[in-house]
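Everything on this sheet refers to the single structure shown next.
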Amino acid sequence: MADEDRRGIRGVALPTRFLVPAAAFLCGAAVMVVELLGVRLIAPVFGAGLHVWAALISTALAGLAIGYFAGGRLADRAPGPRLYFSLVLVSGLLVAALPLYASALIGAFAGAGLRTGALLAAAVTFLPPLVLLGATGPPALRAVAHGLDEVGRKAGGLYALSTLGSVAGTLLTGFVLAPELRIDDTLRLFGLAVALPGALGLLLCRRARAAGAGLLLLGVSFFVPGASPRAAFGTPVFAADTPFQRVEVTDHRGERWLFLDGCVHSRMALGPPADPGASYIRLFRFLPAFRPEARSLLMLGLGAGALAPLLSAEDYRITAVEIDPVVVTAARERFGTLGGIGNVIVGDARTFVRRATERFDLVALDVCGSDWMPEHLVTREFFREVRGVLAPGGVLAVNAIGEVGGRALAALGATLRDVYPHADAFAGNPEGPLTNVVFYASDEPLVPSFAFEDEAAASRYPPGPGDVLTDQRNPVNHWNAGASRLIRRTRAERY
C-alpha cells in the first residue's frame, strides 16, 4: 500500500505541486484562527485577561507538540498522500465543528476557577483540532520528499509555508474577519478552507467515498446551529461578538443592562429620566463637586454612556473615546445616551491622550472591563500622559473594581499618588467584600463643595499603601484575580 501511495503522488502533479503546499499554508492559518478566536469564545466565561491567553497559547503549543509526535509515527507507517489528505480533511471538519460544542464545553468548567477553569476549558475544547492540525506536518513532508537529498529543502519550504499561513490567518482574522463576521462563521469558513484541499486530494488518490463523507459532514456542520454562549439574564435586546469582547444588552425588571464578556458593566432605568443604576457611576458626581467651574470633560471609556446623563445639568463640552465601535452603537441605539456628548472618537484611550492637543478641565477614566483592567491604562506613565491633557487645576477620576483592602486597589491608589500631589478615593460598597472605587487626582487640593461633604465623608475609601504600577511591571489583574472570581460567580446578583 505504501508503494502504491508513493506511485500515486508521483503520477498526479496537482496534489504534489499544489495541494500539499496549499494545505500546509491553510493548516498554519487555521492554528492561529483557533487560537485567536478561542480567546473570544472563552472570554464570556473566564474573561480575556492574561490567564486566558496563557491557557490558549499553552494549549496550542501542547496540541501541536502532540500532533507532531503522532503525525511522525503515522507517517512512517503510511507514508503516502492518502494519510496526509485524510488528516487535513478531518482537521478542517473539527475546526468547522467548533461552533457546535465549544460554548457548552467551556461553560461546563465555569465553576473550576478562573485559571484552572480557563486551562481545562481550553484543553478540552481546542486540543482535538490543534492536535490534528499539528499531525499534518510530518505526513506532508513524507508526501513531497522523495529522497534524502531533498528532505532539507522540502522541510524548509513546508515550514515556511505553514508559518506564512499562520501570519496570514492572524492578520486576516484580527484585521478583517473578526470585525465583520460572527465567530462561528469565521471558524466555519476556515474549516471549509482547510477541508477542501484534503477532500480534493483524496479524490485524486481514488478515495471518493472518504472525500464525499467528509464534505457531507462539513455541509451538515454549516446548517446545524451552534451552541449559544451562556446568555446574560433578562430579555435579550442586542448581542454581538467584536474583536475586543462579547457585547450584550438585556432588559430586566425595568432596567436595561450592558454586559461585556459576560459581566455586568452598566445598567440604566428604562424610560426618562435615564437613571444610571450602577452605584459606581454616582461616584463620578464628585467631579463637579471638586471643580464647579469646569466646562470641559474627556470621557476615556464609554460603556453605556451613563456618565453623560448623570452630568447633563453641568452643560459640559464632552468628548468621549471608546475603543469598541459596537459599544458606541449600543450606547447610541440601545441606551440613547450620546445626545449630550459632542464628540465620540473610536480609538484607544492612550493613543488619543498622546496625540491630544486640547486641554480638559475634567477627565473620567472608566475602562475597567467589569472584572479586569487594561494594564496600559493604569500605569504611572499613562497617568503622567493624562496629566498633560488636564487644564491647570483639572481633575482626573478613575473607576476601578476590586476586593476591599485588596492589593490591586492599593496599587492603583499608590500609582496615582506617585503622579499627582493630591488624591482621594470613594467606594460604592466600602463594606465589601467587593467594591467599585472611583479615585480622584489633581495638581490642586480636592475639597468637595458643601453640598457633597457628607456624602464624600461617608464613601471615602482609604486604599492603603501599595506598589506603583509601571509599563514594565504591572500585575494588577493578577492581584485582582480574587475579585474576578467573585464577579463572575455572582454576575447576575452583583447589583
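The values are calculated or read from the model by the stated rules, or taken from the named source; none is laboratory data. Treat the numbers as computed from the prediction; the structure is a model and nothing was measured. Note that we place each Cβ from the backbone using ideal geometry, even for glycine, and neighbour counts take in every protein chain shown.
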### Query
Do you know which residues across the range 48-80 are assigned to a helix (DSSP H, G or I) and in contact with a Ser or Thr (Cβ under 8 Å, 6 or more places away or on another chain)?
Gly67, Gly71
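Can you go through Ala22, Ala29 and tell me which one is in a helix (DSSP H, G or I), modelled with pLDDT of 95 or more and in contact with a helix residue (DSSP H, G or I) (Cβ under 8 Å, 6 or more places away or on another chain)?
Details: Ala22 fails: modelled with pLDDT of 95 or more.
One residue alone meets the criteria, Ala29.
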### Where a residue in the range 253-267 is part of a strand (DSSP E or B) and its partner, wherever it lies, is acidic (Asp, Glu), with Cβ under 6 Å and at least six apart
Phe259/Glu248; Cys263/Asp371; Arg267/Glu255
### Residue that is nearest to Arg350 (Cα to Cα), among those in the range 293-309 that are touching a helix residue (DSSP H, G or I) at 6+ places or on another chain (Cβ under 6 Å) and modelled with pLDDT under 95
Leu302
#### Entry: Evaluation of Pro243 against (1) surrounded by fewer than 21 Cβ atoms within 10 Å (Cβ to Cβ); (2) more than 24 Å from Val346 (Cβ to Cβ); (3) at pLDDT below 85 (one fails), failing number
(2)
### Message
One residue is enough: does the range 371-394 have a residue meeting the conditions assigned to a strand (DSSP E or B), under 27 Å from Leu486 (Cβ atoms) and among the small types (Gly, Ala, Ser)?
### Response
no
